[in-house]
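Here's the structure, in structure tokens; my notes come after.
The values are calculated or read from the model by the stated rules, or taken from the named source; none is laboratory data. Keep in mind that this is a model prediction, so the values were computed, not measured. In this analysis, Cβ positions are derived from the backbone assuming ideal geometry, glycine residues included, and neighbour counts consider all displayed protein chains. Note: areas computed on protein heavy atoms with side chains; ligands, DNA, RNA excluded. Shrake-Rupley method; radii C 1.70, N 1.55, O 1.52, S 1.80 Å.
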Amino acid sequence: MCEGLGCGGSKPGMNELRESLIQAVDLHNLSDDVKVDFTGCHGFCQKGPIVVIEPEGTFYTHVKPKDANAIIKQHFIKSEPVKRLLYKDAETGKYIQNYDEVPFYKNQQRIILRNCGHINPEKIEDYISEGGYKALQKSLCDYEPLEVIEEIKKSGLRGRGGAGFSTGMKWSFCRQSPGEPKYIICNADEGDPGAFMDRSILEADPHSVIEGMIIAAYAMGATKGYIYVRAEYPVAVRRFRIATEDARINRFLGENILDTNFSFDIEIYEGAGAFVCGEETALIASIMGKRGNPVPRPPYPTTTGVWGKPTSINNVKTFATVPVIINRGAEWYSSIGTEDSKGTAIFALTGKITNSGLIEVQFGTTLREIIFDIGGGVPNGYEFKGVQTGGPSGGCLPASLLDLPVDYKNMAQSGSILGSGGMIVLDNNDCMVKLANYFLNFIQEESCGKCVPCRVGVKAMYDILQRIIDGQGEMEDLDLLEELADTVKLASLCGLGQTAPNPVLTTIKYFRDEYISHIVDKSCPAKECQALIKFAIDEGLCTGCTICFQSCPTHAIIGRKGERHTIDPLRCTQCGICEASCPSKAIIKLDRCEMEKVVLV
Amino acid sequence: MPTIKIDGIDFDSPPGWTVLEVARFLGLDIPTLCHYDGLEPWGACRLCLVEVFDANGSKLVSSCTHPVSEGLDIKTATKRVIKTRNMVLELLISECPSSKVLQDMASKLGLNRVRIAPKWKDCILCGLCVRVCEEQMMAGAIQFGNRGQHLEVSPPFDIKSDLCRQCGACMQICPVITLRCDGADAATVLCNGCYNETQPSCADEFDSYDCWMGLKGECGTCYQVIETKKEE
Ligand SMILES: Cc1cc2nc3c(=O)[nH]c(=O)nc-3n(C[C@H](O)[C@H](O)[C@H](O)COP(=O)(O)O)c2cc1C
Ligand code: SF4
Ligand code: SF4
Ligand code: SF4
Ligand code: FES
């Protein structure tokens, strides 16, 4: 039974469901054969709450407390699956019983998320029985520290925190830097809007991160580790704390780990949750109790980090991958993925997509496979328009790039980044100018404000976009916008500013027409920009039900019961409330061209 | 001693110097604002940008913070540097057109237009006052508060701080409140009273930085000299 963020966190009645399942088991006297336990996130949050019968893998979706009895009775006593709770394939209409055959999972390759959804994150025995802490024993007993670094280098593992720097290189820099003691940090700040992969891993499989950190510490000769978690993730913090305590009891952490002379311990640091604190230099400042301001690099943290000592900082996913590499070997790992990007990538699929959730695929999988085969495409019959990858620092890629194999190099060439793995799918109701504006707004609020290009430049870009959205843009604005974008990219102090213009640059690159129609025609093709559209009521469809009349906050709708309604354009504020309220979908949006036609008629 | 190359000059730099220190030592002019001798480098105004070249291409770094290292190859005034630096200055002036320090710099660097609506703020958040108060006066009476658009300099909790000895160092160092420049024209936002016609030449064209004939590398006299020499 999944108690991840999507299932347990957002939907009520989770405890109730667990209670009912346990009660049902007791009722049927099955408590010797059936054990009810909870796990972390399965990734397919849209179908939650999810209950999986292990080890066979029957996959029940949208389970409610009242279904508990049915599941236990029918599944275990009659040995028949409860059909109505199974996953139904939207295309074929068939019910699919097994986890691995659901298209969402079938096309994935789960390495980092290997245990997520299969083990109880609060029990170290569960992790150990899945082969956990074997990699640690192997490293400590069979490998010299340098051999561990060599192995990681050979595997081609690149950091999953955004920049994609070679993990092996980073470790060897840190090892070579003079200075004692050395520190390692696990970066679990995860401030991107819509990203929740690090959180899911910490909540579903905290031991894999701990094991990765211990191996890293052994390789670099570090004696102390920090994990910087957002304070907004209380469940992750709690599970991680339980996990470190269990690891200490089992002598995986602390003095003389596994009776060797290697000692290492982890301290949990709860961050205040500013996006910029995910930047490594700001994070280090924050751990030292200073303001979370980035500082220019070099010197890099690997030479001068926490307390001025060599520090290696890696992402949660990077650490969670390390034990698998040690267990199965660098050769195996480097056989997965593409030339320059090895292994797998995790994405949080959101936006206009049928199956939203957390997925893991090999590098080299195309955007089309991710969005259509796993994600199930764009729902409600709308057309796919683009996909924003990498969160606010990433770029927006158009439909023409759907066949692009996803890896670091291709993403960078197309002007985007992989970033932490957010993927927001957009359909033809999404306005690209507005999208860029949304992300700039996020950046201008979240930037630390230290350096001029980011603080003033991003705000200036935001103001220009706002003018364009309000229908007051001019063609010179577009040139200035591009010039500003270049400056902010080149001149900013830290990665936040350096990547902030990406959404603007890519939308201008791939959707320039849309900017031009906003500026020249004063028209928003996606009909999203309020200043450039008008609401009207389709006379043929309106039934005169008066629902819109009641919903309009500015009383702009005129009409009597049973008669056709109209909208007073002078009072209407384009809020769109009526559109959502109308049961016969009679309220329509008009862009500038359509408005002119209507006026002519 | 790391050997570095700056504007075509090979130089054995003492270890631990920054690029800015080397440039100043060699008499190369790099504009700075948030840098102040005696305070720790801060790297926030981004006016001291220079271009660093390596095998993968080049990038812009702030010279006041960038330490020298063996084989470093720097140019202090490429087209890219000049363009970016002027845009940064344009942004700064739009924030606070009444700062004489900024207006002087605009004149010196040849900035002659500001396309961003002026905000007429009183502080450009350069952080000099905060740093002088903490590092030199050992008081720490003023701090940065908030972030992003809401960043501000104030005493903790916005109340008069007991730590302040009223030494006046913050006021003395501030590039905005001392010597207001009254010349800013409300329409163009620039004063340009002391506009400098002679701009430093562009190091993209010439490998060294010793042409002072000015006119943004357009005069071309040296080209002619080189050409005639070749013909001979
Ligand atoms: C604005 C900004 C935010 C960042 N946020 C995160 C984050 O939330 N998590 C993370 O792991 N790395 C984040 N990074 C990247 C880190 O600076 C750093 O590169 C990373 O933690 C290194 O780990 P890796 O080598 O495993 O990728 C951020 C970078 C920037 C510039
Ligand atoms: S780029 Fe933005 S976040 Fe980074 S130091 Fe500058 S102002 Fe702060
Ligand atoms: S869009 Fe909003 S303001 Fe306009 S008519 Fe509909 S409900 Fe009223
Ligand atoms: S008050 Fe003056 S010195 Fe202090 S940050 Fe503002 S502009 Fe800089
Ligand atoms: S003087 Fe170097 S960044 Fe301000």
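Remarks
- Checking A:PHE44 against (1) open to solvent by less than 20 Å² (accessible area, probe 1.4 Å); (2) free of Cβ contacts under 8 Å to residues at least 60 places away in the same chain, the condition it does not meet: (2)
- Elements of the type helices (runs of 4 or more DSSP H) sitting completely within region A:197-270 and holding at least 3 residues that are of a type in the set (Val, Ile, Thr) and more than 21 Å from A:GLU151 (Cβ to Cβ): these cover A:234-249.
- Considering residues of region A:107-158 that are open to solvent by 50 Å² or more (accessible area, probe 1.4 Å) and in contact with a strand residue (DSSP E or B) (Cβ under 6 Å, 6 or more places away or on another chain) only, the residue farthest from A:ASP37 (Cα to Cα): A:ARG158
- Qualifying residue in region A:343-362 (condition: open to solvent by less than 10 Å² (accessible area, probe 1.4 Å) and on the phi > 0 side of the Ramachandran plot): yes
- Every residue from region A:83-118 that is in contact with a Phe, Trp or Tyr (Cβ under 8 Å, 6 or more places away or on another chain), of a type in the set (A, V, I, L, M) and modelled with pLDDT under 85: none
- Condition check for A:ASP67: buried (at least 17 other Cβ atoms within 10 Å of the Cβ) and in a helix (DSSP H, G or I): yes
- Among (1) at pLDDT 85 or above; (2) touching a Phe, Trp or Tyr at 6+ places or on another chain (Cβ under 7 Å), the one test that A:ILE53 misses: (2)
- Checked against the criteria, A:ALA243 does not count as among the small types (Gly, Ala, Ser) and open to solvent by 30 Å² or more (accessible area, probe 1.4 Å).
- In region A:305-341, residue farthest from ligand 1 (Cβ to nearest atom) [restricted to those that are modelled with pLDDT of 95 or more and assigned to a strand (DSSP E or B)]: A:THR311
- Unique residue being in contact with a Ser or Thr (Cβ under 6 Å, 6 or more places away or on another chain) and among the small types (Gly, Ala, Ser) when the list is A:ALA195, A:ALA231, A:ALA135, A:ALA236: A:ALA195
- The residues of region B:40-80 that are at the interface with chain A (Cβ under 8 Å from one of its Cβ atoms), buried (at least 17 other Cβ atoms within 10 Å of the Cβ) and not in a loop (DSSP other than H, G, I, E, B), listed by number, are B:LEU49, B:LEU60, B:VAL61, B:SER62, B:PRO67, B:ARG80.
- For region A:266-293, the candidate set comprises residues that are near ligand 1 (Cβ under 10 Å from one of its atoms) and open to solvent by 20 Å² or more (accessible area, probe 1.4 Å); within that set, the residue that is nearest to the other protein chains (Cβ to nearest Cβ) is A:PHE275.
- Selection count where residues are among the hydrophobic types (A, V, I, L, M, F, W, C) and open to solvent by less than 40 Å² (accessible area, probe 1.4 Å), scope region A:572-599: 7
- Lone qualifier among A:LYS88, A:LYS94, A:LYS64 - being closer than 22 Å to A:GLU16 by Cα and more than 23 Å from the chain's Cα centre (by Cα): A:LYS64
- Every residue from region B:88-98 that is under 12 Å from the mean Cα position of the chain (by Cα) and within 8 Å of another protein chain (Cβ to nearest Cβ): B:VAL88, B:LEU92
- Which listed residue is on the phi > 0 side of the Ramachandran plot, modelled with pLDDT under 95 and within 16 Å of ligand 4 (Cβ to nearest atom), from B:GLY16, B:GLY38: B:GLY38
- For A:SER420: the one exception among (1) within 14 Å of chain B (Cβ to nearest Cβ); (2) over 18 Å from A:THR507 (Cβ atoms): (1)
- Test: residue in region A:580-600 that is away from chain B (no Cβ under 14 Å), under 28 Å from A:GLN472 (Cβ atoms), more than 11 Å from ligand 3 (Cβ to nearest atom) and part of a loop (DSSP other than H, G, I, E, B): yes
- Test result for B:ASP37, over 27 Å from A:GLU482 (Cα atoms), more than 8 Å from chain A (Cβ to nearest Cβ), away from ligand 2 (no atom under 16 Å from the Cβ) and without any contact (Cβ under 8 Å) to a residue 12 or more places away in the chain: yes
- Filter result for the condition that a residue is farther than 30 Å from A:SER334 by Cα and in contact with a strand residue (DSSP E or B) (Cβ under 8 Å, 6 or more places away or on another chain), over A:ASP403, A:ASP427: A:ASP427
- Condition check for B:THR84: within 30 Å of A:THR303 (Cβ to Cβ), buried (at least 17 other Cβ atoms within 10 Å of the Cβ), within 9 Å of chain A (Cβ to nearest Cβ) and of a type in the set (Ser, Thr, Tyr): yes
- Listed here are the helices (runs of 4 or more DSSP H) enclosed by region A:451-568 that have at least 2 residues being open to solvent by 70 Å² or more (accessible area, probe 1.4 Å) and at negative phi: A:475-491, A:512-519, A:547-551.
- Count of region B:129-151 residues which are open to solvent by 70 Å² or more (accessible area, probe 1.4 Å) and of a type in the set (D, E, K, R): 2
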